[in-house]
1. Hey, of [x] 50; [y] 18; [z] 24, which did the structure itself give for percent of Cα pairs over 32 Å apart when calculated?
2. Once amide H atoms are placed 1.01 Å from N in the peptide plane, what residues at a sequence separation of 5 or more from His98, or on another chain, have their amide H within under 5 Å of its amide H?
3. Measure off 7 Å from each Cα along the Cα-to-Cβ vector at Ile39 and Leu61, then give the distance between these two points in nanometres to one decimal.
4. Got a sec? How would Thr265, Thr151, Thr20, Thr232 order by Cβ neighbour count within 10 Å, fewest to most?
5. DSSP loop (so not H, G, I, E, B), at most 14 other Cβ within 10 Å: list which trypsin sites (Lys or Arg not before Pro) in segment 1-47 pass both filters.
6. Could you tell me the calculated FRET efficiency between Glu178 and Glu21, based on Cβ-Cβ distance and R0 = 41 angstrom, to the nearest 0.05?
7. Calculate the FRET efficiency for Leu147 and Lys243 from the Cβ-Cβ distance with a Förster distance of 30 Å, rounded to the nearest 0.05.
8. Could you go through segment 225-240 in sequence order and give the Karplus-derived ³J(HN,Hα) for each residue, using 6.51 cos²θ - 1.76 cosθ + 1.60 with θ = phi - 60°, rounded to whole Hz, and x for Gly and Pro?
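No lab work stands behind these numbers, since they all come straight from the coordinates. Quick caveat: nothing in here was measured; it's all calculated off a predicted structure. FYI the Cβ positions are ideal-geometry reconstructions off the backbone, even for glycines, and counts take in every protein chain you see.
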Amino acid sequence: MPERHIDRLIEIMARLRHPTEGCPWDVEQDFASIAPYTIEEAYEVADAIDRGDRDALREELGDLLLQVVFHARMSEEEGGFDFEDVAAAISDKLVRRHPHVFDRENHDPETGLRDAWESQKADERAQKAEKSGGGDVSALDDVPVALPALTRAEKLQKRAARVGFDWASIGPVLEKIEEEIGELKAEMAGNGNPDLLADEMGDVLFSCVNLARHLKVDPEFALRGTNAKFETRFRWVEDSLRKDGLDGRDVGIEDYERRWQAAKTDQN
């Protein structure tokens, strides 16, 4: 039987991590040093998807898989889990969370799928809490701190909403944004304490995420789109300045605004 590529990849990582014959850079890494690369690779996967570039997606998925193999290898070296354990754990979880697919005889696929999913995750959070020493279980347990702030805010709000902590309509959500903006303005007009300004600004952003959630808009996706739009328009403005032989540092905001409006018109 031909060698499976995943087996080859695992073997390559083992050789790279060999304490005397491996790559010095790979050998000196640990979980903490590799974590930023893991996050970066996940973003690069998302970027390839956004661009509709399937060749890039294949490559970026490989880079992300490498991160999984890297972490699993480091754990195996410590005598902990290995790659097979990682694959087994996610396989078991998928089967457990999809009884409507894998246990049709004892589950009605037409009813309660979401409730069953949420109940299963709640049970898993309770089991994790028990393993870590007990304590009260929160609906907010296991929302990763390392998530982008907008994404984490949305996930925290969704978790709270599932236990009833949510507005029934969008009106109060809009009012809350106005309230938070008012508090930010008040702080700006006062002492302007940097810590308090950051706190009030965070409240505004959190409230905006809540509005996006009620509108069923992914706030991270929305802001990524706006970032891309801003970059395209600003590059147009820069090109306009170069064509006129101007340096952007030498023109006023009025000139910038005029060119910005022209960029919007040109790109619509």
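1. Evaluating percent of Cα pairs over 32 Å apart on these atoms matches [x].
2. none
3. 2.5
4. Details: Thr265 8, Thr151 16, Thr20 5, Thr232 11.
In order of increasing Cβ crowding within 10 Å: Thr20, Thr265, Thr232, Thr151.
5. On the way: sites: Arg4, Arg8, Arg15, Arg17; in loops: Arg4, Arg17.
Counting only loop positions with at most 14 other Cβ atoms within 10 Å, the trypsin sites (Lys or Arg not before Pro) in segment 1-47 are Arg4.
6. Details: r = 64 Å, r/R0 = 1.56.
Between Glu178 and Glu21 the formula returns 0.05.
7. Working: r = 42 Å, r/R0 = 1.40.
That pair, Leu147 with Lys243, gives E of 0.10.
8. For segment 225-240, the Karplus curve yields x, 5, 4, 5, 5, 4, 4, 4, 5, 5, 5, 4, 4, 4, 5, 4 Hz.
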